[in-house]
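Asks: I have a structure here, written as structure tokens, and I will follow up with some questions on it.
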Amino acid sequence: MRQSSFQTPDPDTRLILEKGGTHFANRLIAPLDTPTIDFQTWFGLANLRAEKPAIPDLAEPEVVRHYTVLSQKNFGVDTGPYPLGSCTMKYNPKVHETLAALPGFANVHPLQPDATAQGNLALMADLEKHLCAICGVDRFTFQPSAGAHGEWTGLLMIKAYHDSRGEGYRNVMLVPDSAHGTNPASAAMVGYEIRQIASGPDGMVDLNALEAALDERCAGLMLTNPNTLGLFEKNIGRIAALVHHAGGQLYYDGANINAILLQTRPGDMGFDVVHLNLHKSFSTPHGGGGPGSGPVGVKAHLAPFLPAPDLMKNPTGSYSLEYERPLSVGRVRSFNGSFLVLVRAYAYILANGAMGLREVSQASVANANYLLAHLRKAYDLPFDQPCLHEFVLSGSRQKELGCSTMDIAKRLIDYGFHPPTVYFPLIVKEAMMIEPTETETQEGLDGFVEAMLAIAEEVKNTPELLHNAPHPNGHTVPISRPDELRAAKDPVLRV
Amino acid sequence: MSNIPNDLLYAKSHEWIKLDGDTFLIGITDHAQCELGDLVFAEVAAVGKVLKAGQVIGSIESVKTASDIYSPVDGEVIESNSTLGDKPEQINEDPYASWFIRIRPAQPGIPTNLLDAAGYKAMIGE
């Protein structure tokens, strides 16, 4: 078993609000040497609390210990391999944190006059130029907070585009059956009827099924390329032609763009709208709930519908935020989105350069195929072809022996790995979706292979090790298997 | 091996259909509930809803995934099993008693796109 780099955490499970007492040692704040005032005279009795606020009385080292222990219970890219398919859990260079914390970025107020935030607006304008070049589109908005928010924003623009042409009757959005669940959800939020397109036996969009689904009500098709099986939709040219011929727009879900960075561009494949997850593909800490950033890029014909305000370069060379946009879908987020995520993405693009980003996609594909070649010895591979940045195994063989994919995922935690995405995509039974990313080391990849092959043997010989997994060990595994059924059905959200 | 009663008809999308006079009862098969795992949520179409074949008559969520349930025929919902929403686990416990809706088909007769028990059994590879 891999050796852990974790420290043994404190078994104390109290919340910070339950800790503390009357400690007066270790206080770093000096006693007041100014006269105290009489609060009652100053503020009036009615405005004073009857009781002191329930702020725990803790010394600084106690606070530091509390949060350090909590952080050690968390599993992240910084603690071990994290092959969570479609989530692109790549390592995030620490220099980004230094840059995002620079006072000129971190301390700017979103309501400051444009004239006093020119450097930040210039960064956004330059980042937009780079993202347009990477994606093959003409404009970007940085307002959306994350991927699904970007999908919704992009679809609003498609709807506004059809409406502006008097084609508001286009109310059907096509979505392949291998799509990310957010795609049909976002389309439903915009008011579209969802029409699902079946995948063919090769895992690609079935062209006959697509053709049959196209009619005058088609507003567009949402596609991920490479798709959620990690396979490149090789018929994308034909797909784009069919959808455009039917009057629909083509939406690119950028969740998997890590696989094709600087190899090909969504705009060149025929996509009209693209969203990116800067917090995944362009390296920002994520997975803990944000902040994310899901900018949306469009071809020129959709640019009038971009959210307001829009970033404009004035004839004098300065930048300003333009609010007068009559065709805009409106504001979709306060201020300028997650600005500090933009700073990190900008740093990532400049540090890598074009050649570096090309190596990112090459290495992510090489790493995934390395794992695929080893793991197919013990697990089923329903769509048997070389993959791009991720691939999908099936645990069907193990299920027949009495161990489900969920058991395998839980057992991986015992081995010190974050489990892959499981039971997705829906078109693969007992699915395990594995994406190592380009930043995983050879040692990390080999360790994952070793663990997965060992688990496949355990399925045959000691299945109870999987059924009971994970096994709390006081450090890498803090808890046993949670009751997911009760957590979903009877959540206790407030004690 | 899942339970596939002989007196029911089956859709390829894993619904069972019980012919009951001039109406159909619709639910999901034992195989479907087994694949989905423990159900935590169920929602059914409201009475009075007029549907085309292939349209959604309900949605379910398990700890693993979410799925829609489809109508195999054109028709009108004349009864809707609201107890499923309160106790979705009854679908796991007894899928053939846990009907979602009763539908009155727009056309009389048995839809030709449905399978019998043997056909469904072959389709799911059992």
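Asks: Using only the alpha carbons, work out the radius of gyration and Dmax of the stretch A:96-350 in angstrom.
Replies: Considering the stretch A:96-350 through its Cα atoms, Rg and Dmax are 18.1, 57 Å.
Asks: For n ≥ 4 DSSP H runs only, could you compute -39500 (n - 2.57) per run for chain A, divide by its residues and tell me the 222 nm figure to the nearest 500?
Replies: -11000 deg cm²/dmol
Asks: Name the residue, out of B:P111, B:P88, B:P72, whose mean-square fluctuation peaks in a Gaussian network model built on chain B with Cα pairs under 10 Å.
Replies: Among B:P111, B:P88, B:P72, the largest mean-square fluctuation in the Gaussian network model of chain B belongs to B:P111.
Asks: Kindly provide the helix-only [θ] at 222 nm of chain B, computed as the sum of -39,500 (n - 2.57) over DSSP H runs of four or more divided by all residues, to the nearest 500 deg cm²/dmol?
Replies: -4000 deg cm²/dmol
Asks: Over the stretch A:139-216, with a single point scatterer placed on each C-alpha, what log10 of the ratio I(q)/I(0) does the Debye formula yield at q = 0.14, 0.23 1/Å?
Replies: Relative scattering, expressed as log10 I(q)/I(0), comes to -0.52, -1.11.
Asks: I need A:T13, A:T79 ordered by Cβ neighbour count within 10 Å, fewest first.
Replies: So the residues, fewest neighbours to most, are A:T13, A:T79.
Asks: Can you put A:V274, A:V422, A:V69 in order of Cβ neighbours within 10 angstrom, beginning with the fewest?
Replies: A:V69, A:V422, A:V274
Asks: What is the stretch A:96-350's relative contact order, in percent, from Cα pairs under 8 angstrom and six or more apart in sequence?
Replies: So the answer I get is 28 percent.
Asks: Right, something else. Could you name the lysines in cross-link range of A:K19, using Cα to Cα under 27 Å and dropping any fewer than eight places away on the same chain?
Replies: Correct list for A:K19: A:K52, A:K73.
Asks: Does anything in the stretch A:320-347 have its amide N under 12 Å from the 7 Å Cα→Cβ label point of A:A125, and if so which residues?
Replies: Counting backbone N atoms under 12 Å from the label point, the list is A:320-322.
Asks: For the pair B:A118 and B:I78, what calculated FRET efficiency results from E = 1/(1 + (r/R0)^6), where r is the Cβ-Cβ distance and R0 = 41 Å, to the nearest 0.05?
Replies: 0.85
Asks: Give me the percent relative contact order of chain B, please, defined on Cα pairs under 8 angstrom at least 6 residues apart.
Replies: 32 percent
Asks: What does the net charge come to around B:I78 if you take all other residues with beta carbon closer than 12 Å to its beta carbon, with K and R at +1 and D and E at -1?
Replies: Once positives and negatives cancel, what remains is -1.
Asks: Further, regarding this structure: Can you give me the three principal axis dimensions of the stretch A:16-73 from its C-alpha atoms, in Å, biggest first?
Replies: Extents along the principal axes: 48, 26, 17 Å.
Asks: Using the beta-carbon distance between A:L45 and A:L17 and R0 = 30 Å, what value does 1/(1 + (r/R0)^6) give for FRET efficiency, to the nearest 0.05?
Replies: 0.60
Asks: Roughly speaking, what is the centre-to-centre gap between the stretch A:367-390 and the stretch A:75-147 when only Cα atoms are used, to the nearest Å?
Replies: What the calculation gives is 32 Å, centre to centre.
Asks: Using Cα-only point scatterers and the Debye equation, what is log10 of I(q)/I(0) for the stretch A:361-489 at each q in 0.21 Å⁻¹, rounded to two decimals?
Replies: -1.30
Asks: In nm, give the distance between the simple-model label positions of B:K12 and B:Q107, each being 7 Å from the Cα along the Cα-to-Cβ direction.
Replies: For the pair B:K12/B:Q107, the computed spacing is 1.8 nm.
Asks: Among A:G85, A:L99, A:L70, which residue has its Cα furthest toward the positive end of the charge dipole of the stretch A:57-120, with +1 on Lys/Arg Cβ and -1 on Asp/Glu Cβ?
Replies: Result: A:G85.
Asks: Something else now. How large is log10 of I(q)/I(0) for the stretch B:9-123 at q = 0.16, 0.17 Å⁻¹ when the intensity is taken from the Debye formula with one equal scatterer per alpha-carbon?
Replies: -0.67, -0.76
Asks: Using r as the Cβ-Cβ distance of A:K460 and A:K429, and R0 as 22 Å, what FRET efficiency do you calculate, to the nearest 0.05?
Replies: That gives a FRET efficiency of 0.65.
Asks: To continue, here is another question. Work through the residues other than A:A469 whose Cβ is under 13 Å from its Cβ and net out their charges, Lys, Arg +1 and Asp, Glu -1.
Replies: Local net charge: -1.
Asks: May I pose another question? Given A:G270, A:N352, A:A187, which one lies farthest toward the positive end of the charge dipole of chain A, if we put +1 on the Cβ of every Lys and Arg and -1 on the Cβ of every Asp and Glu?
Replies: With unit charges placed on the Cβ atoms, the residue in question is A:A187.
Asks: Let me ask something else about it. Which pairs break 19 Å Cα to Cα here: A:K377/A:K410; B:K12/B:K121; A:K429/B:K18; A:K429/B:K87; A:K159/A:K299; A:K489/B:K87?
Replies: A:K377/A:K410; A:K429/B:K18; A:K429/B:K87
Asks: While we're on this one: In nanometres, what is the gap between the two model label sites at A:T34 and A:D57, each 7 Å from Cα along Cα-to-Cβ?
Replies: Each label point is offset 7 Å from its Cα along the Cβ direction, giving 2.4 nm.
Asks: For chain A, count the residues as N, evaluate 2.2 N^0.38 Å, and divide the Cα radius of gyration by that value, please.
Replies: Scaled against compact globular proteins, the figure is 1.11.
Asks: In addition: Would you mind ranking A:D268, B:D22 by Cβ crowding within 10 Å, fewest neighbours first?
Replies: The order, fewest Cβ neighbours first, is B:D22, A:D268.
Asks: Dipole of the protein assembly as shown (Lys/Arg Cβ +1, Asp/Glu Cβ -1, origin at the Cα centre): which of A:Q249, A:N47, A:C218 lies farthest to the positive side?
Replies: Highest projection toward the positive end goes to A:N47.
Asks: Continuing with the same structure: Is there a simple number for the mean count of other chain Cβ atoms within 10 Å of the Cβ of residues in A:423-429, and what is it?
Replies: Mean number of neighbouring Cβ atoms from other chains: 2.
Asks: Could you tell me the relative contact order of chain A? Use alpha-carbon pairs under 8 Å, at least six residues apart, and round to a whole percent.
Replies: Over chain A, the number comes to 19 percent.
Asks: Cβ under 15 Å from A:L102's Cβ, A:L102 left aside: what net charge do those residues give with Lys, Arg +1 and Asp, Glu -1?
Replies: So the environment of A:L102 carries a net charge of +1.
Asks: If you count, for every residue in B:64-73, the Cβ atoms of partner chains within 10 Å of its Cβ, what is the mean?
Replies: 2
Asks: In peptide B:33-45, what is the residue-averaged number of other protein chain Cβ atoms found within 10 Å of each Cβ?
Replies: Neighbouring Cβ atoms belonging to other protein chains average 2 per residue here.
Asks: Scale the Cα Rg of the stretch B:62-110 by the rule-of-thumb value 2.2 N^0.38 Å and send over the ratio, two decimals.
Replies: Taking the Cα Rg and dividing by 2.2 N^0.38 Å, one obtains 1.33.
Asks: To the nearest 20 debye, what charge dipole does the protein assembly as shown have about its Cα centre, counting +1 at the Cβ of each Lys and Arg and -1 at the Cβ of each Asp and Glu?
Replies: Computed about the Cα centre, the dipole is about 1140 debye.
Each reported figure results from applying straightforward, stated rules to the coordinates on display, with no laboratory input. The structure displayed is predicted, hence computed values, not measured ones. With ideal geometry, Cβ positions are generated from the backbone for all residues, glycine too; neighbour counts draw on all protein chains shown.
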